[in-house]
1. May I ask for the Kirkwood hydrodynamic radius of region 79-172, worked out over all distinct Cα pairs and given in angstroms to one decimal?
2. Per residue, how much accessible area does region 39-140 show when a 1.4 Å probe rolls over the protein heavy atoms, in square angstrom?
3. Can you figure out the FRET efficiency of residue 137 with residue 194, using R₀ = 30 Å and their beta-carbon distance, to the nearest 0.05?
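The values are calculated or read from the model by the stated rules, or taken from the named source; none is laboratory data. Being a predicted model, the structure only gives us computed values, none of them experimental. For neighbour counting, all protein chains shown are included, and Cβ atoms are generated from backbone atoms with ideal geometry for every residue, glycine included. For accessibility, only protein heavy atoms count, side chains too; no ligands or nucleic acids. Shrake-Rupley method; radii C 1.70, N 1.55, O 1.52, S 1.80 Å.
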Amino acid sequence: LEKRKLALENQKITAINNTKIGDETEQWLCDIIQTLVSINSVKRIGYIRSELDVIYKVNNEDKYRGVQVKTLQYSKRSNVYSISSHTEYSDDTLIVGISKKRDKFVLYFSEELQNMGIRFSFGKRKTKYSQYMFTDLSRFLIKLEELLPKSSFYDINKLQRDVKTEHESMERLKNKCIDNELTFEYFETHASRIDCIINNYNVQCKASSRK
């Protein structure tokens, strides 16, 4: 019984750490995209459980596009970086893989690679995935800026029904706060009991589909 409790506690700690790493990776990319001259109005939205984690507007476009962000998982044993399956994304969604040290990068569209588990061997000079892999930050940024205008558009109607209901409820709450001159801030992290912060108070929201 004690071993079981310890195992569950370790799983909980691992999940929290993975969530923190994912949040940091999304924020890093969001900050990077904001520096690109061809892009404006960048937002991080991974916490709302969309297929897109970071959305942005390309200059001279009115609609938001977006990318899916993945933290590359490193295996010392085989000296490779991997990304898990992502067949649930739209074919034209740009996948951006980033290592925790921010020194290995991957860029490709979902339709290009849909294996159950993709492994990138950065230690080899030539691999079948070489065209998607980058170790130089400048080259990565140049390619990223080239591909961002081709990634999928953000469409709130593509959200799962319960996620869409929650998001619309939060937006109504945000507007109520603005009308009543209250400060409102999304709590931008995954798997948290806190949904937003209103006048410096942590708030958990519950949505209903009934009007």
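1. On the way: mean 1/r = 0.0664 Å⁻¹.
For region 79-172, inverting the mean 1/r across all distinct Cα pairs yields 15.1 Å.
2. Details: 5430 Å² over 102 residues.
Here the per-residue accessible area is 53 Å².
3. On the way: r = 33 Å, r/R0 = 1.11.
With a Förster radius of 30 Å, E is 0.35.
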